[in-house]
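Undergrad: Once you've had a glance at the structure underneath, I'll fire off some questions.
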Amino acid sequence: MSFFPLTNLTLLAACALAAGCSQSGPTTPPSQADLAKKEEAKRDKARLDVKALADAVAVYHLNNDGNFPQTLQELTQPQPNAGGKVIVAADALTDPWGKPYQYDPAGPKHNGEKPDVWTQAPDGTVIGNWPEKK
């Protein structure tokens, strides 16, 4: 018994799949529902990023004798008290809409106890590391 027919069939199937996947036909513009889902996904990512940046600020605080960074950019520099490693990559400082995350080391939203980290969605909604008012 030869495996040639099975191999041949496998090759034909792979070629058919490749040809079907590579053809581009007319595309349909995204629906309002699709755009809304995409925007909500960006908001979710921004919430996660803000939390991660706030956590990174807390790590800096622990590694630097209780001092907070003056800017978020300090988190992207090699940290002498962390073995020369950076706490976050530079691209982590950009929100899903392409704007830099905002930072206030004075932390007015936290009554000065810790820094504020936030961004603003295109519709003006602020996404920050403080509790949302209900």
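The values are calculated or read from the model by the stated rules, or taken from the named source; none is laboratory data. Computed from a predicted model, the values in this text were never measured in an experiment. Neighbour counts are summed over all protein chains in view; Cβ atoms, including those assigned to glycine, are modelled from backbone coordinates with ideal geometry.
Undergrad: For residue 51, state whether it is loosely packed, with under 14 Cβ neighbours inside 10 Å, touching a residue at least 40 places away in the same chain (Cβ under 8 Å), part of a helix (DSSP H, G or I) and out of contact with any Phe, Trp or Tyr (no Cβ under 8 Å at 6 or more places or on another chain).
TA: On the way: loosely packed, with under 14 Cβ neighbours inside 10 Å: yes; touching a residue at least 40 places away in the same chain (Cβ under 8 Å): yes; part of a helix (DSSP H, G or I): yes; out of contact with any Phe, Trp or Tyr (no Cβ under 8 Å at 6 or more places or on another chain): yes.
Criteria met by residue 51.
Undergrad: How many of the residues making up the range 116-133 are at negative phi and either assigned to a loop (DSSP other than H, G, I, E, B) or surrounded by fewer than 18 Cβ atoms within 10 Å (Cβ to Cβ) (or both)?
TA: Result for the range 116-133: 11.
Let's see how each residue does on (1) touching an Asp or Glu at 6+ places or on another chain (Cβ under 6 Å); (2) in a helix (DSSP H, G or I); (3) of a type in the set (Ser, Thr, Tyr); (4) at pLDDT below 95:
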position: 13; (1), (2), (3), (4): no, yes, no, yes
position: 17; (1), (2), (3), (4): no, yes, no, yes
position: 21; (1), (2), (3), (4): no, yes, no, yes
position: 29; (1), (2), (3), (4): no, no, no, yes
position: 39; (1), (2), (3), (4): no, yes, no, yes
position: 56; (1), (2), (3), (4): no, yes, no, no
position: 81; (1), (2), (3), (4): no, yes, no, yes
position: 109; (1), (2), (3), (4): yes, yes, no, no
position: 114; (1), (2), (3), (4): no, no, no, no
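Undergrad: Within the set of pairs 6 or more residues apart or between chains, which connect a residue that is under 14 Å from residue 107 (Cα atoms) inside the range 61-84 to a residue that is at pLDDT 95 or above and of a type in the set (Lys, Arg) with Cβ atoms less than 8 Å apart?
TA: Close Cβ pairs satisfying both conditions: 61/114; 68/114.
Undergrad: Taking the range 119-134 only, how many residues are among the small types (Gly, Ala, Ser) and in contact (Cβ under 8 Å) with a residue 12 or more places away in the chain?
TA: Count: 2.
Undergrad: To continue, here is another question. Please give the number of the condition residue 33 fails out of (1) surrounded by 10 or more Cβ atoms within 10 Å (Cβ to Cβ); (2) hydrophobic (A, V, I, L, M, F, W, C); (3) assigned to a helix (DSSP H, G or I).
TA: Evaluating residue 33 over (1) surrounded by 10 or more Cβ atoms within 10 Å (Cβ to Cβ); (2) hydrophobic (A, V, I, L, M, F, W, C); (3) assigned to a helix (DSSP H, G or I) leaves (1) as the failure.
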